[in-house]
Structures are given as structure tokens and as C-alpha cells.
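The values are calculated or read from the model by the stated rules, or taken from the named source; none is laboratory data. What you are looking at is a predicted structure, and each value in this text was computed from that prediction instead of being measured. Every residue, glycine as well, gets a Cβ built from its backbone with ideal geometry; the counts of neighbours run over all protein chains shown.
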Amino acid sequence: MAIISKSLLACLITLVLFITVIQAHEMVYMDQVINVDGTHQRSLLDTKSIDCGKECSRRCRLSSRQKMCERACGTCCARCHCVPPGTSGHQDACPCYAAMTTHGGRKKCP
């Protein structure tokens with residue numbers, strides 16, 4: 001009977017360790033956003049600063065008014081610490097970025 005109890009205890013400990021590892025993996029996975037081009041970007045859960053110049057250049061590369069796009073994007077990036085993936089749209093990936101408006105009520109961030 002003691003052998004069965006030890007085996008059961010070993011199985012339970014193994015199960016708890018397995019569940020802990022799976023939960024840790026999910027937390028790491030949920031903390032990343034996969035961009036359209038396949039690169040990884042940290043989500044809003046991460047408060048580390050990002051390279052706004054690089055991210056805004058990527059975001060505005062197809063814009064007809066690149067300088068203005070990069071300036072507006074830079075302001076939004078500095079405040080939100082996030083730039084959506086792709087060259088347009090996908091603003092649901094950065095709610096702060098999507099919510100910013102000008103004094104006239106238009107969307108501020110490209």
C-alpha cells in the first residue's frame with residue numbers, strides 16, 4: 001500500500017510541475033504580438049521602451065507624406081510605447097495608439 005501511495009504522490013508532483021511549466025509558457029507567449037511580417041513585438045504588458053524611430057519608419061514607409069507620418073507616429077509611440085504592425089490599420093494591437101485624437105477629433109496616429 002505504501003508503494004501505491006508513493007507512486008500516486010510522484011504522479012501528482014509530476015502533474016503539478018507539468019502544469020506550472022505550461023502556464024509559464026502561455027504567459028510568455030501571451031506577452032508577445034506577432035507582426036504581419038513575422039517578427040515579434042512586445043505587447044502593452046511590457047513597459048520597456050521601443051525604438052520609435054525604427055518602428056515609425058517601418059509604419060510610414062508607404063505613406064505619401066512620410067515626414068508628417070513619422071512625426072505623428074513618433075508622438076504616438078512616445079506616449080503609448082507601441083506601434084501597430086504593418087503599414088496601416090491593425091490599430092487594435094495598440095489601444096492607446098488608436099484612441100489618440102487631434103483637437104479636431106480626427107485620429108492622430110497613422
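Of Ser64, Ser57, Ser88, which residue is assigned to a helix (DSSP H, G or I) and of a type in the set (Ser, Thr, Tyr)?
Numbers: Ser64 fails: assigned to a helix (DSSP H, G or I); Ser88 fails: assigned to a helix (DSSP H, G or I).
Just one listed residue meets the conditions, Ser57.
Whether any residue in segment 20-43 is polar (S, T, N, Q), in a loop (DSSP other than H, G, I, E, B), surrounded by 10 or more Cβ atoms within 10 Å (Cβ to Cβ) and at pLDDT 60 or above is what I want to check. Outline the logic, then answer.
Here is the first cut: in segment 20-43, the ones polar (S, T, N, Q) are 20, 23, 32, 35, 39, 41, 43.
Those still in the list that are in a loop (DSSP other than H, G, I, E, B) too: 35, 39, 43.
If we keep only those that are surrounded by 10 or more Cβ atoms within 10 Å (Cβ to Cβ) as well, we get 35, 39, 43.
Cutting the leftovers down to at pLDDT 60 or above gives us none.
No, because not a single residue in segment 20-43 is polar (S, T, N, Q), in a loop (DSSP other than H, G, I, E, B), surrounded by 10 or more Cβ atoms within 10 Å (Cβ to Cβ) and at pLDDT 60 or above.
Please go through segment 72-90 and pick out each residue that is surrounded by 14 or more Cβ atoms within 10 Å (Cβ to Cβ) and closer than 15 Å to Arg58 by Cβ.
Answer for segment 72-90, where residues must be surrounded by 14 or more Cβ atoms within 10 Å (Cβ to Cβ) and closer than 15 Å to Arg58 by Cβ: Ala72, Cys73, Gly74, Cys76, Cys77, Cys82, Val83, Pro84, Pro85, Gly86, Thr87, His90.
Among the residues that make up segment 55-72, is at least one of them modelled with pLDDT under 85 and touching a Pro at 6+ places or on another chain (Cβ under 8 Å)? Walk me through how you get there before you give the answer.
Keep residues of segment 55-72 that are modelled with pLDDT under 85, which gives none.
No, because not a single residue in segment 55-72 is modelled with pLDDT under 85 and touching a Pro at 6+ places or on another chain (Cβ under 8 Å).
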